[in-house]
Amino acid sequence: MKWEGDRQSDNVDDRRGMGGGGGFGIGGKTVGIGTLVIALIGSVFFGIDPSVILGGGGGPVAVQQGPQGQQAPRQTPANDRETQFVKTTLAYTEDVWTQVFSAQGAQYQPTVLTLFEGATQTACGTGRSATGPFYCPADRRVYIDLDFFRLMEQRFKVAGEFAQAYVIAHEVGHHVQNLLGISDQVHNAQQRAGEREGNALSVRLELQADCFAGLWANRTNQREQILEKGDVETALAAATAIGDDALQRQSQGTVVPDSFTHGSSAQRVRWFTRGLETGSVEQCNTFEARQL
């Protein structure tokens, strides 16, 4: 993936080296690429009231800062290659979604990407590395412990910067869903859904975020020519590795489709590919798709 020298986002909050937060796990609703976080779920038509978009969706939020009084010396360089890569990838997402929203007469409100180690405080409770990367709708922030990228390589045998960029773009996709008002609608629908139905709707939410990640890759490559030989294959390998069926088969030896919350490997590959090939928001309408 070619990214060196491109614009870097200022919307990165680096909390590494500041110590972990207190608490006993995730206290609120979050959405993420992993399987330890239960996503917001519900049934929603893709058509969004323009006033929701123009108003930012979800009403005002208070951004919760990191733990107070913990100013230990930073252990990780603030400007190493990996940090630069994250900042550049986030900048790419800002450019793409600013363009998409602007085409609809709306203004994109960027997320803040928080880097942490071990644990950190969020408006959704205490975020932990074991959760994997996740998005907290309450403070409109993406949270990532970069050790997850090492886990991808060691456990899932998936390496490469484009695969890592896919993870970031997926989480930013959840931010876009929040801005569009989808998160609020699915949260309301969750209250009426049974467990099986809720899981199925959660899958649709996650697959839409995968499609948004593919859309991001399509439009960023058109603008910046970031893709190199083998990049797409690494992203598809990542999508395959974190499919619910692959993870269940690895962890428990059996696959239980009714318990899926993120989608099968084939589904995740299919929807990422759809976004990558079309670059179209309309093509990412998982909620009205008859077959995932």
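Kindly indicate which of GLY181, GLY243, GLY194, GLY198 is at positive phi and modelled with pLDDT under 95.
GLY181 is the lone residue from the list that is at positive phi and modelled with pLDDT under 95.
Taking interchain pairs and intrachain pairs at least six residues apart, which have beta carbon atoms under 8 angstrom, with the first residue in region 193-221 and farther than 26 Å from GLU233 by Cα and the second assigned to a helix (DSSP H, G or I) and hydroxyl-bearing (Ser, Thr, Tyr)?
Taking only residues 6 or more apart or on different chains, the pairs are ASN199/SER259.
Exactly one of (1) in a loop (DSSP other than H, G, I, E, B); (2) in contact with a helix residue (DSSP H, G or I) (Cβ under 6 Å, 6 or more places away or on another chain); (3) not polar (S, T, N, Q) is unmet by HIS174. Its number?
Every listed condition holds for HIS174 apart from (1).
Among HIS174, HIS170, HIS187, which is the only one that is in contact with a strand residue (DSSP E or B) (Cβ under 6 Å, 6 or more places away or on another chain) and either touching a residue at least 40 places away in the same chain (Cβ under 8 Å) or surrounded by fewer than 22 Cβ atoms within 10 Å (Cβ to Cβ) (or both)?
HIS174
For residues that are part of a loop (DSSP other than H, G, I, E, B), over 15 Å from THR114 (Cα atoms) and charged (D, E, K, R), tally how many sit in region 124-167.
Count: 1.
What's the number of the only condition in (1) out of contact with any Cys (no Cβ under 9 Å at 6 or more places or on another chain); (2) among the aliphatic types (A, V, I, L, M); (3) surrounded by 15 or more Cβ atoms within 10 Å (Cβ to Cβ) that LEU207 fails to meet?
(1)
Hey, which of the helices (runs of 4 or more DSSP H) in region 228-289, taking only ones fully inside, have at least 3 residues that are within 19 Å of the chain's Cα centre (by Cα) and of a type in the set (A, V, I, L, M)?
Ranges flagged: 231-241, 265-278.
Step by step: first the residues of region 252-269, then only those that are closer than 14 Å to GLU206 by Cβ and in contact (Cβ under 8 Å) with a residue 40 or more places away in the chain, then the one that is surrounded by the fewest Cβ atoms within 10 Å (Cβ to Cβ). Which residue is that?
Looking at the filtered set, the residue picked out is SER259.
Tell me which residues, restricted to region 282-292, are touching a residue at least 12 places away in the same chain (Cβ under 8 Å) and out of contact with any helix residue (DSSP H, G or I) (no Cβ under 6 Å at 6 or more places or on another chain).
Across region 282-292, the qualifying residues are GLU282, ASN285, GLU288, ALA289.
The values are calculated or read from the model by the stated rules, or taken from the named source; none is laboratory data. Here the structure is a predicted model, which is why all the values come from computation and not from measurement. So basically every Cβ, Gly included, is an ideal-geometry build from the backbone, and we count neighbours across all protein chains shown.
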